[in-house]
1. Out of the residues in region 227-248 meeting the condition of being among the aliphatic types (A, V, I, L, M) and over 20 Å from the mean Cα position of the chain (by Cα), tell me which one is farthest from His120 (Cα to Cα).
2. Checking the condition in contact (Cβ under 8 Å) with a residue 12 or more places away in the chain and either under 19 Å from the mean Cα position of the chain (by Cα) or surrounded by fewer than 14 Cβ atoms within 10 Å (Cβ to Cβ) (or both), which residue from Ile347, Ile355 passes?
3. Quickly run through region 422-464 and pick out the residues that are modelled with pLDDT of 95 or more and on the phi > 0 side of the Ramachandran plot.
4. Tell me which of these Glu418 doesn't satisfy, since it passes every other one: (1) at pLDDT 95 or above; (2) in a loop (DSSP other than H, G, I, E, B); (3) acidic (Asp, Glu).
5. Taking region 436-474, which residues are under 15 Å from Leu76 (Cα atoms) and surrounded by fewer than 18 Cβ atoms within 10 Å (Cβ to Cβ)?
6. Of the residues Lys2, Lys84, which single one is surrounded by fewer than 15 Cβ atoms within 10 Å (Cβ to Cβ), modelled with pLDDT of 50 or more and farther than 30 Å from Ser168 by Cβ?
7. Just name the residue that is farthest from Leu322 (Cα to Cα) out of those in region 359-382 that are assigned to a loop (DSSP other than H, G, I, E, B) and touching a residue at least 40 places away in the same chain (Cβ under 8 Å).
Amino acid sequence: MKNSLLLACCMAGMLAAPAWAEEPAAPPQAHGNFLVNGPMGGVWQQDQMLGDAWGARTWLGQYGVTVGLTEVSEILGNTSGGVKRTGDYDGLTTLTLQMDTGKALGWDGGTFNASGMHVHGTNLSANNLMNLQTASGIEADDGFRLWELWYDQTLLNNTTDIKVGQQSVDQEFMGSQYSALYVNTMFGWPMVPSADLLGGGPAYPLSSLGARVKFTPEASPWTVLAGVFDDNPGGLDPRSSDDAQKLDDRGTNFRLKDSALFLGEIQFAYPTVGDTQRAGDTVLPGTYKLGFWYDAGKFADQRYGTDGLSLADPSSNGIARLHRGNYSIYGVIDQALWRDAEGEKAIGFFVRPMISPNDRNEIHFSVNGGLNFKGLIEGRGDDVLGLGVAYTTVSDRARDFDGDTIAAGTPQPKRSNETVLEATYQYALAPWWNLQPDFQYVFNPGGGIADPNSPTGDRIKNETIVGIRTTLTF
């Protein structure tokens, strides 16, 4: 009860934060969502809170240098289900430096990027929920770490660009424009690669050395994306349950001695890249993607050991059989369904299914999708409401292992699937400040795993998660 009250008070305080202590001398005037005349004047219209930062951005821009700083903070708590009821704070500070080498060095078409992050707070899913589809996309181990360090060069009249260096592949592959709104992790980096790649793969907060090629013919709706990366940024043993983030706790392992992770994606977007959408156009834009990843490394069997016995058999040697290679096939659809003539209101839809082999993976299938409503409230053209669902299934081989464990005399549930519903509303206070109340409901957490607090081995009860996120761009 105390924890629920504390969570409610914190949420109310954060929602009340933008209110002014005194009435302004003149009523503020609306400019879209943002206040033009008010206590902070034109600050509300700037893309960043600090604007030109007392001339620093303009000065750096002369040399082709841009600096970005963002802070994402959130409080999430479960009011039902989980192994206990509590609220947790999560925070992520990201600093990005980019250099246009044409301006800085006379080397046209080049971009150098370096980014780092500070993760702070605690992780609700790991501590309280034990669900598969973690509640927050910024959940990670505390600490400072390098994130990305790469160089990108455009070629062939800007139809091709090649990026080399330390990269987080979730920034380009498997992405959905509409799913980026949501708080749950799996709307960002999906469940299949999160569970099936070593340590979750080279995706936030990890990255790997590699190379990516992107090709878009002139005036064409098609784009081809391909890359190869080290598959194991933390150096994780395939039979181990260690934390890959702790094995590479500063993001500076720069490994190249592991197996290769290949990614490929073909994209179709309309209107054609470069076309301008005019008010009143009848064409509703959409993007369609079909892709795959293949990991040449070794992956542990989910049921059998090297001796041919089930790993749940008391007479087994307990050493999992290893399989060479792993893969997944996926698709992404982002489609606008409706918009008004002024572009203030719109409805968009997304869906993203993916599948992987049963024998060497805990997760066999995942899919997420949703509807986004922009400008639902009159005069709030930059606000977005999102209603999403994410579903995942435990592989048959992992379920069979559960059956073997039960047959061997250990009472426990047999895992099956997990579903998350999410409703979220992104409230744009300014171009540089969003508040985002969030609600999630988890059916069958962990696929139906036992509650460690239950003496009879009952499943963890369905979870209700509420919270709020705030994002500031400095």
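The values are calculated or read from the model by the stated rules, or taken from the named source; none is laboratory data. Fair warning: this is a prediction, and the values are worked out from it, not measured in the lab. Ideal geometry is used to build each Cβ from the backbone, glycine not excepted, and the neighbour counts take in all protein chains shown.
1. Going residue by residue through region 227-248, those that are among the aliphatic types (A, V, I, L, M) are 228, 236, 244, 247.
Then drop every residue that is not over 20 Å from the mean Cα position of the chain (by Cα), which leaves 228, 236, 247.
Numbers: Val228: 31, Leu236: 24, Leu247: 18 Å.
Going through the qualifying residues, I end up with Val228.
2. Going through Ile347, Ile355 in turn, just one is in contact (Cβ under 8 Å) with a residue 12 or more places away in the chain and either under 19 Å from the mean Cα position of the chain (by Cα) or surrounded by fewer than 14 Cβ atoms within 10 Å (Cβ to Cβ) (or both): Ile355.
3. Asn444, Gly446, Gly447, Gly448
4. Tallying (1) at pLDDT 95 or above; (2) in a loop (DSSP other than H, G, I, E, B); (3) acidic (Asp, Glu), Glu418 fails exactly one: (2).
5. Pro437, Phe439, Tyr441, Thr464, Thr471
6. Numbers: Lys2 fails: modelled with pLDDT of 50 or more.
Only one candidate passes the filter, namely Lys84.
7. Applying the filter and picking the extreme gives Gly379.
For every residue, the table says whether it meets (1) crowded, with 19+ Cβ neighbours inside 10 Å; (2) of a type in the set (Phe, Trp, Tyr); (3) in contact with a His (Cβ under 9 Å, 6 or more places away or on another chain); (4) modelled with pLDDT of 95 or more.
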residue	(1), (2), (3), (4)
Val367	yes, no, no, yes
Asn372	yes, no, no, yes
Glu378	no, no, no, no
Val384	yes, no, no, yes
Gly388	yes, no, no, yes
Val394	yes, no, yes, yes
Arg399	yes, no, no, yes
Asp402	yes, no, no, yes
Gly409	no, no, no, no
